[in-house]
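These notes are about the structure you will find just below.
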Amino acid sequence: MQLPPARPISQEEVQASAFTALGLREQLVKAVLQEGYDTPTPIQAQTIPHLLAKRDLLGSAQTGTGKTAAFVLPLLQNLAATTVGLGAVNPGAVALNAAPSRTAHKVRALILAPTRELAGQISERTAVYGRHLGIGHAVIYGGVSQHRQERDLARKPQVLIATPGRLIDLMEQRLIDLSAVEIFVLDEADTMLDMGFIHAVRRIVSLIPAQRQTLLFSATMPQSIEKLARSVLRNPIRVSVAPVASTADLIDQAVCFVSQADKRALLEQMLLSMGIERALVFTRTKHGANRVSEQLRRAGIEAGAIHGNKSQAARERALGQFRDGRMPVLVATDVAARGIDVEGISHVINFDLPNVPEAYVHRIGRTGRAGASGRAISFCDRSERGLLQDIERLIRKPIPVMPA
Ligand code: AMP
């Protein structure tokens with residue numbers, strides 16, 4: 001990945017940085033300062049020193065809290081500490097022209113993510129945070145040709161970011177060997193379980209040495225996650241940031257009582273009249289996402305859909321257009337939207353209410369990031385009143401009603 005040039009950072013800036021105080025080495029501190037981070041987020045401040053000391057971690061945090069840097073920075077530092085000749089060469093560059101090798105490649109760190117979007121974002125962040133370190137990484141996920149991923153593996157990356165299905169595929173083809181993994185990160189473990197990856201995860205864990213550092217992150221901590229945590233973690237530190245309910249407090253929320261049949265017209269009217277810069281619209285089904293985005297386009301509103309049935313290329317295209325502002329409206333399903341990190345989402349609109357109340361909090365958490373104000377508007381049909389009550393119970397407050 002080609003990174004844009006970054007501004008020079010002085011020794012004094014590095015020395016004075018709160019990231020240095022957490023124990024991070026110069027190359028990493030430089031990289032985060034170049035990203036414009038000046039203060040560690042709470043999860044970073046609470047976890048980085050422990051992770052540098054190689055403790056296991058059970059982290060309750062969702063996207064938007066800075067959790068990626070919280071695990072990627074210490075992971076890179078711990079690997080760098082035992083990498084010979086670090087900084088002299090870029091391991092990625094050495095084998096650029098090497099033919100794909102058929103010997104199973106041993107990685108030293110494995111980051112498992114439930115969706116390709118999240119895996120892609122972690123990979124992008126790893127490139128950014130590791131820009132001065134020269135520790136190679138590769139990302140593998142399903143839905144795209146294996147060829148490029150094979151070529152990336154032939155460069156012998158130390159860090160592998162993967163979704164479970166494709167990882168198992170490549171292990172079965174003897175392209176990846178997990179027997180030398182020292183650091184294992186399980187990100188968005190709750191989504192992983194929701195998506196039915198538990199057996200895949202257990203199988204992967206069984207192939208990693210027991211002697212390792214393990215980090216497990218999950219936005220929610222149901223019994224099933226606690227159980228998984230007990231089986232994979234050893235004496236972990238526990239860190240919890242922005243619990244589900246308090247995230248919801250920061251966002252300006254409203255509910256509109258509207259019949260299913262009138263939702264479409266209401267959405268169009270809102271998008272046209274409210275000066276919405278960048279709106280993420282949620283539907284319950286993939287079919288619904290397609291239908292709503294088509295209807296919006298017919299009404300002259302630039303909109304795209306993103307869900308599991310779309311090809312990787314189509315999803316990346318839609319996300320790219322949404323991110324750079326060419327397409328102000330993106331219609332998504334819950335699973336597809338997890339892990340999407342697009343800044344400046346002015347509105348989240350729940351065209352349908354989610355079946356699971358926690359999903360409401362994940363959805364609205366997409367707006368109002370990093371201190372920016374955001375609005376979340378939910379459409380509620382008569383048949384969805386029960387779902388609304390569940391949500392209000394979870395966030396422990398009523399959602400103000402907005403006239404339709
Ligand atoms: P994450 O929760 O890892 O998805 O991060 C959410 C967003 O916060 C990303 O856009 C990061 O670039 C940004 N971020 C992470 N750490 C910091 C920090 N210490 N200061 C400012 N922004 C940050």
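Surface analysis of region 122-236 yields an accessible area of 40 Å² per residue, using protein heavy atoms and a 1.4 Å probe. Remark on the chain: Rg and Dmax equal 21.7, 65 Å (Cα only). Of the accessible area of the chain, computed with a 1.4 Å probe over protein heavy atoms only, carbon and sulfur atoms account for 51 percent. Rounded if a/c is under 1.5, else prolate if a/b is larger than b/c, else oblate: which is region 273-355, with a ≥ b ≥ c the root eigenvalues of its Cα gyration tensor? Rounded shape, in that the Cα axes give a/c under 1.5. Per-residue surface analysis assigns Ser311 an accessible area of about 70 Å², computed on protein heavy atoms at 1.4 Å probe radius. Per-residue surface analysis assigns Arg264 an accessible area of about 110 Å², computed on protein heavy atoms at 1.4 Å probe radius. Between the helical axis of 385-395 and the longest alpha-carbon principal axis of the chain there is an angle of about 50 degrees. Build a GNM of the chain with springs between Cα atoms under 10 Å apart, and of Gln173, Gln312, Gln253 the one that fluctuates most is Gln173.
The lysine pair tally for the chain, using Cα distances under 25 Å and a gap of 8 or more places or different chains, is 12. What FRET efficiency, computed as 1/(1 + (r/R0)^6) with R0 = 60 Å and r the Cβ-Cβ distance, is obtained for Val144 and Gln15, rounded to the nearest 0.05? E between Val144 and Gln15, to the nearest 0.05, is 0.90. Simple rule: put +1 on each Lys or Arg Cβ and -1 on each Asp or Glu Cβ in the chain, find the dipole, and look at Pro357, Leu79, Pro403; the Cα lying farthest toward the positive end is Leu79. Taking the longest Cα principal axis of the chain as reference, the axis of helix 67-81 is set at about 10 degrees.
Farthest towards the positive end of the charge dipole of the chain, among the residues Ser17, Met327, Ile111, is the Cα of Ile111, using unit charges on the Cβ of Lys, Arg, Asp and Glu.
Separation of region 18-77 and region 151-200, taken as the distance between their Cα centroids, equals 22 angstrom. The charge dipole of the chain, taken about its Cα centre with unit charges on the Cβ of Lys, Arg, Asp and Glu (plus for the first two, minus for the last two), comes to roughly 800 debye.
Think of a 1.4 Å ball rolled over the protein heavy atoms: region 244-385 then has 42 Å² of accessible area per residue. Helix content alone sets the calculated 222 nm mean residue ellipticity of the chain: runs of n ≥ 4 DSSP H residues at -39500 (n - 2.57) each, divided across all residues, give -12000 deg cm²/dmol.
Shown is the FRET efficiency for Asp38 and Gln295, computed with R0 = 41 Å from the Cβ-Cβ distance and rounded to the nearest 0.05: 0.40.
The values are calculated or read from the model by the stated rules, or taken from the named source; none is laboratory data. Predicted, not measured: the structure shown is a model, and the values here were computed from it. Counting neighbours? That spans all protein chains shown, and the Cβs are built from the backbone with ideal geometry, glycine included. Areas reflect the complete protein model, heavy atoms only, side chains present, ligands, DNA and RNA absent. Shrake-Rupley method; radii C 1.70, N 1.55, O 1.52, S 1.80 Å.
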